[in-house]
Each structure stands twice: as structure tokens, then as C-alpha cells.
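One structure is given here, and the rest of the page talks about it.
The values are calculated or read from the model by the stated rules, or taken from the named source; none is laboratory data. In this text, all values refer to a predicted model and were calculated from it rather than measured experimentally. Here the Cβ positions follow ideal geometry from the backbone for every residue, glycine too, while neighbour counts run over all protein chains shown.
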Amino acid sequence: MNHKNKVLSAMEEVNKKLKKMHVCRVGTMAAEILTFEDILFEAEGVERFQKQPRNQEIFKIKEPLTIKQILDNRRGYLQRFNYCPDCGKKIDWKFLMEGL
Ligand SMILES: [Zn+2]
């Protein structure tokens with residue numbers, strides 16, 4: 001992360017606190033506990049990686065997974081939480097996965 005992004009992200013954190021907003025973290029992906037938005041970002045990275053012909057050759061990927069498949073917790077990319085570790089709210093996975 002470059003300096004500008006660090007500053008922007010720090011400002012975002014402050015704004016979040018000021019607004020008393022809370023974005024629930026819904027699962028673990030790439031060894032981090034993330035919000036759904038960040039999980040989508042990670043899944044897009046996996047999708048892009050799998051679509052590259054060179055990677056398909058190296059990792060013997062016949063059919064790249066879709067975002068929906070990557071977010072299927074049985075595939076091992078994502079561990080879904082039932083409850084937010086920060087506030088204890090139940091995570092509505094059905095709602096989050098709608099439209100993907
Ligand atoms: Zn929460």
C-alpha cells in the first residue's frame with residue numbers, strides 16, 4: 001500500500017468511527033478476516049488469476065471458477081462465519097450471495 005492509499009484508508013477509518021458505522025466481517029479469506037466487499041475483491045483476484053492462460057497451464061486449470069464457485073465455502077477459498085466476530089450479528093449469507 002502506498003502512502004496516499006495509507007492516508008486515504010486512515011481517513012476512511014476515522015470517518016467510519018465518526019459516523020459510528022460498522023461493517024461486519026463475514027469470513028476468512030487469504031488468511032484475513034474480511035468484510036463481504038473485501039472478500040469479493042479477493043475472489044475477483046482468484047478469478048483473474050485462473051483466467052490467465054499461463055496460470056492455467058502451470059496449475060492445470062481446465063475451467064476457471066466463477067466468483068460464486070470461489071465463494072462456495074466447500075471449495076476451501078473462503079471460510080464463512082455465521083456471526084460477525086466484532087458485533088455478533090448473524091450473517092445472512094443467502095442475502096449476500098443473491099445476484100452473484
Ligand atoms: Zn458486525
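Some points to look at:
- When VAL26, VAL7 are checked against the criterion of being surrounded by 10 or more Cβ atoms within 10 Å (Cβ to Cβ) and at pLDDT 95 or above, a single residue qualifies: VAL26.
- The conditions of being out of contact with any Ser or Thr (no Cβ under 9 Å at 6 or more places or on another chain), surrounded by fewer than 15 Cβ atoms within 10 Å (Cβ to Cβ) and not charged (D, E, K, R) are met by PRO85.
- For the stretch 49-100, a residue qualifies if it is of a type in the set (Phe, Trp, Tyr) and within 16 Å of the ligand (Cβ to nearest atom), and the qualifying residues are PHE81, TYR83, TRP93, PHE95.
- Of the residues examined, LEU40 is one that is away from the ligand (no atom under 16 Å from the Cβ), modelled with pLDDT of 95 or more and either surrounded by 11 or more Cβ atoms within 10 Å (Cβ to Cβ) or of a type in the set (Gly, Ala, Ser) (or both).
- Exactly one residue out of GLU32, GLU47 is under 22 Å from GLU12 (Cβ atoms), surrounded by 11 or more Cβ atoms within 10 Å (Cβ to Cβ) and either touching a Phe, Trp or Tyr at 6+ places or on another chain (Cβ under 7 Å) or not β-branched (Val, Ile, Thr) (or both), and it is GLU32.
- Consider the stretch 8-37 and keep the residues that are free of Cβ contacts under 8 Å to residues at least 24 places away in the same chain and β-branched (Val, Ile, Thr). The one that is farthest from the ligand (Cβ to nearest atom) is VAL14.
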